[in-house]
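Single-structure report; data block below.
The values are calculated or read from the model by the stated rules, or taken from the named source; none is laboratory data. Source: prediction; values computed, not measured. Neighbour counts run over all protein chains shown; Cβ positions are idealised from the backbone, glycine included. In case anyone asks, the SASA skips ligands and DNA or RNA and just uses the protein heavy atoms, side chains included. Shrake-Rupley method; radii C 1.70, N 1.55, O 1.52, S 1.80 Å.
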Amino acid sequence: MLGTITNCGAILAGSIIGTTLHKGIKEQYQQTMMNGLGLAALALGIGNFAKAMPKSQYPVLFIFSMAAGGLIGAILDLDTKFQKLAKKVSKGNLAQGLTTAVLLFCIGTLSILGPIESALKGDNTLLFTNAMLDGVTSMVLASNFGIGIALSAGILFLWQGSIYLLAQYIGEFITQDLMTEISIVGGILIMSSALGILNLKNIKTLNLLPALFIPAIYVGITSLLGIR
């Protein structure tokens with residue numbers, strides 16, 4: 001768990017530094033930083049999608065995943081519940097910042113493969129690399145949304161910790177096909193969050209979050225049935 005602890009520590013440090021710097025950064029500069037982050041997130045999402053899509057063994061699964069996951073998320077109304085929770089913590093627009101942070105920190109190849117590599121091989125290289133990236137990102141986010149971004153460190157710990165523990169028991173079932181499908185859906189979710197940062201389209205990305213679990217269910221069932 002050393003890699004995960006380091007990753008969370010980097011986010012906490014970045015959040016503190018970003019919040020401190022916030023006082024000395026003019027509003028127009030903050031907006032420029034957010035535009036830069038939004039474009040970076042958009043590029044990251046497109047990159048994840050473009051890299052994984054050609055490797056997919058289930059070319060239309062991401063469409064079904066987004067539709068089914070969106071329906072489940074809308075029924076559960078995850079976005080509204082998260083907004084209410086965020087407002088209790090901060091009076092600002094923390095919900096958007098936390099949503100972006102959680103997606104950027106948790107839904108990425110490094111954040112998913114890292115705990116698996118750590119659990120199965122004792123290799124924390126991916127998580128250490130992710131820590132550096134997340135530290136910088138949390139600094140930018142905290143400079144705009146405040147210290148509340150530090151809460152994403154706790155969410156990341158639960159996310160990576162769960163993957164770490166599960167990998168010790170079901171590592172053989174975490175196939176490349178599954179990772180590919182998760183990367184495709186994850187890329188779309190990151191793009192969705194980026195559109196919100198850039199004020200191009202206000203999408204309730206949290207309501208789409210259950211889409212991440214659809215590929216795991218589908219790939220698991222098809223593997224058990226011996227079909228592709």
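Results, tabulated for the structure shown:
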quantity: Filtered residue count, the stretch 137-174, keeping only those that are among the β-branched types (Val, Ile, Thr) and surrounded by fewer than 14 Cβ atoms within 10 Å (Cβ to Cβ); calculated: 1
quantity: Per-region count, the stretch 110-124, residues open to solvent by 50 Å² or more (accessible area, probe 1.4 Å) and touching a residue at least 40 places away in the same chain (Cβ under 8 Å); calculated: 2
quantity: Test: residue in the stretch 185-192 that is touching a Pro at 6+ places or on another chain (Cβ under 8 Å) and surrounded by fewer than 20 Cβ atoms within 10 Å (Cβ to Cβ); calculated: no
quantity: Top-ranked residue in the stretch 175-184 [being modelled with pLDDT under 85 and among the hydroxyl-bearing types (Ser, Thr, Tyr); ranked as most open to solvent (accessible area, probe 1.4 Å)]; calculated: Thr175
quantity: The one condition in (1) open to solvent by 40 Å² or more (accessible area, probe 1.4 Å); (2) within 15 Å of the chain's Cα centre (by Cα) that Pro210 fails to fulfil; calculated: (1)
quantity: Scan of the stretch 214-228 for residues that are at pLDDT 85 or above and either small (Gly, Ala, Ser) or surrounded by fewer than 19 Cβ atoms within 10 Å (Cβ to Cβ) (or both), ordered by number; calculated: Ile217, Tyr218
